[in-house]
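In what follows, a single structure is set out as structure tokens and then discussed.
The values are calculated or read from the model by the stated rules, or taken from the named source; none is laboratory data. Because the structure is predicted, anything quoted here is derived from the model rather than measured. Cβ: placed from backbone, ideal geometry, glycine included. Neighbour counts: every protein chain shown. With ligands, DNA and RNA removed, areas are computed over all heavy atoms of the protein, side chains included. Shrake-Rupley method; radii C 1.70, N 1.55, O 1.52, S 1.80 Å.
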Amino acid sequence: MCRHLGYLGPPRAVGELLTAGTHSLFVQSWAPRDMRGGGTINADGFGVAWWDGAAGVRGYRNAAPIWSDPAVGGVLAGVRSGSVLAAVRSATVGMPLERAACAPFEDGSWAFSLNGLIGGWPESIAALAEWLPAVELLRMPALTDSALVWTLVRRRLVAGGPADALRSVISDVLAAAPRSRLNLLLGDGSTLWASTVGHSLWARVDDATALVASEPVDDGPGWIQVPDRRLVRARPGQLEITELDITEAEGR
Ligand code: GLN
């Protein structure tokens, strides 16, 4: 079920960040170790967003498998950034296979990825649509659960802080669709926020870097496994893991 990764630290080549390490996101696309809830490989495209100083967030995505795209070792190897968010996709059954459905989704200084699914799709969105005006539904980047979760989060980012936005969206989605898996990953270029509901997540933070990833990208020391039902806030030198305090999602 998709794998994602967020990086903050000294500028690195974006292509290198996708491929560096014995278990990089690139390797996780065909050999993930901890896929849960269906899906075996992440071959339904990939995307990467990076913050480029005053130019803001830039992105690249492709509906083809990451291993088949020469841009990873080509143009993306020539782009450097100190803030990157990336994902490889294993589309949930029934979701369209298209470029626009590949995370990260971007808006302003935000980039976002979902590792998971909304249970009971598409019927369950009837309850969720109540939180979204129709015009927002029409603005969804793709007709997928990820895009719907992003649209809910984006809307709530306008009204409140990122942690509250993630918590409230998770709570509402679980109330409407208890069998959902909701590992969200959000970045603004200087902080990463992530949740665990039903999927794996690891973090490695030191004074210079912060890395948050569905699976450790190498066998090096320092990785911390995030327990289920947690909210993570990470930046270089700072890792906070707090309980999500949500009880609705029984029987996933
Ligand atoms: N359900 C989402 C999609 O289809 C995310 C998939 C995943 O986590 N595997 O895009």
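Taking interchain pairs and intrachain pairs at least six residues apart, which have beta carbon atoms under 6 angstrom, with the first residue in segment 132-147 and without any contact (Cβ under 8 Å) to a residue 40 or more places away in the chain and assigned to a loop (DSSP other than H, G, I, E, B) and the second among the hydrophobic types (A, V, I, L, M, F, W, C) and within 16 Å of the ligand (Cβ to nearest atom)?
Close Cβ pairs satisfying both conditions: Met140/Ala147.
Going by what's in this entry, would Gly94 be described as closer than 25 Å to Phe26 by Cα, loosely packed, with under 15 Cβ neighbours inside 10 Å and within 11 Å of the ligand (Cβ to nearest atom)? Even if it seems obvious, please write down each step before you answer.
On the way: closer than 25 Å to Phe26 by Cα: yes; loosely packed, with under 15 Cβ neighbours inside 10 Å: yes; within 11 Å of the ligand (Cβ to nearest atom): yes.
So Gly94 fits the description; yes.
In segment 54-61, is there at least one residue being closer than 19 Å to Leu143 by Cβ and away from the ligand (no atom under 11 Å from the Cβ)?
The first filter runs over segment 54-61 and keeps only residues closer than 19 Å to Leu143 by Cβ, leaving 61.
Filter once more, keeping what is away from the ligand (no atom under 11 Å from the Cβ): 61.
Yes.
Residues being touching a strand residue (DSSP E or B) at 6+ places or on another chain (Cβ under 8 Å) and either under 18 Å from Ala111 (Cβ atoms) or part of a loop (DSSP other than H, G, I, E, B) (or both): count how many of those fall in segment 221-244.
Keep residues of segment 221-244 that are touching a strand residue (DSSP E or B) at 6+ places or on another chain (Cβ under 8 Å), which gives 222-244.
When the remaining residues are screened for being either under 18 Å from Ala111 (Cβ atoms) or part of a loop (DSSP other than H, G, I, E, B) (or both), the result is 222-223, 226-229, 231-237, 244.
Adding up the residues that qualify gives 14.
So in segment 47-88, with the set limited to residues that are part of a strand (DSSP E or B) and of a type in the set (S, T, N, Q), which one is farthest from Val14 (Cα to Cα)? If you could, list the steps in order and put the result at the bottom.
Step one: of segment 47-88, the residues part of a strand (DSSP E or B) are 47-51, 57-62, 80-88.
Imposing the further condition that a residue be of a type in the set (S, T, N, Q) reduces the set to 62, 81, 83.
Details: Asn62: 15, Ser81: 7, Ser83: 9 Å.
Out of the qualifying residues, it is Asn62.
Are any residues in segment 160-201 open to solvent by 10 Å² or more (accessible area, probe 1.4 Å), assigned to a loop (DSSP other than H, G, I, E, B) and touching a residue at least 12 places away in the same chain (Cβ under 8 Å), and if so, which ones? It would help to see each step written out before you state the result.
Here is the first cut: in segment 160-201, the ones open to solvent by 10 Å² or more (accessible area, probe 1.4 Å) are 160-164, 167-168, 171-172, 175-176, 178-179, 181, 188-190, 193.
From what is left, the residues that are assigned to a loop (DSSP other than H, G, I, E, B) are 160-161, 178-179, 188-190.
If the condition is that a residue be open to solvent by 10 Å² or more (accessible area, probe 1.4 Å), assigned to a loop (DSSP other than H, G, I, E, B) and touching a residue at least 12 places away in the same chain (Cβ under 8 Å), then Pro178, Arg179, Asp188, Gly189, Ser190 are the ones that fit.
Mind counting the residues in segment 103-121 that are surrounded by fewer than 24 Cβ atoms within 10 Å (Cβ to Cβ) and more than 12 Å from the ligand (Cβ to nearest atom)?
Let us first name the residues in segment 103-121 that are surrounded by fewer than 24 Cβ atoms within 10 Å (Cβ to Cβ), namely 106-110, 119-121.
Next cut, more than 12 Å from the ligand (Cβ to nearest atom) only: 106-110, 120.
Looking only at that region, the number is 6.
Among the residues of segment 5-23, is there at least one that is more than 22 Å from Ser190 (Cα to Cα), within 16 Å of the ligand (Cβ to nearest atom), in contact with a strand residue (DSSP E or B) (Cβ under 9 Å, 6 or more places away or on another chain) and among the hydrophobic types (A, V, I, L, M, F, W, C)?
So far as segment 5-23 goes, no, none of its residues is more than 22 Å from Ser190 (Cα to Cα), within 16 Å of the ligand (Cβ to nearest atom), in contact with a strand residue (DSSP E or B) (Cβ under 9 Å, 6 or more places away or on another chain) and among the hydrophobic types (A, V, I, L, M, F, W, C).
To keep it simple, each residue is scored yes or no on (1) open to solvent by less than 40 Å² (accessible area, probe 1.4 Å); (2) of a type in the set (A, V, I, L, M, F, W, C).
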| site | (1), (2) |
| --- | --- |
| Gly9 | yes, no |
| Ala13 | yes, yes |
| Glu16 | no, no |
| Thr19 | no, no |
| Thr22 | no, no |
| Phe26 | no, yes |
| Ser29 | yes, no |
| Arg36 | no, no |
